[in-house]
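A.B. asks: Sending over a structure as structure tokens; questions will come in a sec.
The values are calculated or read from the model by the stated rules, or taken from the named source; none is laboratory data. These numbers were taken from a predicted model, which means no experiment stands behind them. Cβ coordinates were reconstructed from backbone atoms using ideal geometry, including for glycine residues, and neighbour counts include every protein chain displayed.
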Amino acid sequence: MRLDREITCAQVVDLVTAYLEDVLDADDRERVEEHLVFCDGCSTYLDQIRQTIAVTGRLEPEDIPPALQDKLLAAFREWSPA
Ligand SMILES: [Zn+2]
């Protein structure tokens, strides 16, 4: 485990579409997966994006409304341990 390379929730949000489209390089994919193991907020976010893709068939980064990202990130901060 390379925990010194942990990424933040904001970085996961940035990477999640590429992650789901399987275009991340191996290092980034590993960091996203490590983050998802312990972060319920990002796991929930990933599920929501997956559902969006299931409905629309594909997802472009601009398909995620900035307002939704802001709302989710605010929720992540509330859920995070102090
Ligand atoms: Zn997170």
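A.B. asks: Give the number of residues within the stretch 8-41 that are modelled with pLDDT of 90 or more and not in a helix (DSSP H, G or I).
C.D. replies: So the count comes out to 5.
A.B. asks: Cβ-Cβ below 9 Å, separation at least six or inter-chain, first residue in the stretch 51-71 and at negative phi, second at pLDDT 70 or above and part of a loop (DSSP other than H, G, I, E, B): which pairs?
C.D. replies: Cβ pairs passing all conditions: 53/21; 58/21; 59/21.
A.B. asks: Could I ask something else about it? Pairs, please: C-beta under 8 Å, at least 6 apart or cross-chain, first residue away from the ligand (no atom under 13 Å from the Cβ) and in the stretch 19-44, second small (Gly, Ala, Ser)?
C.D. replies: 24/18; 28/18
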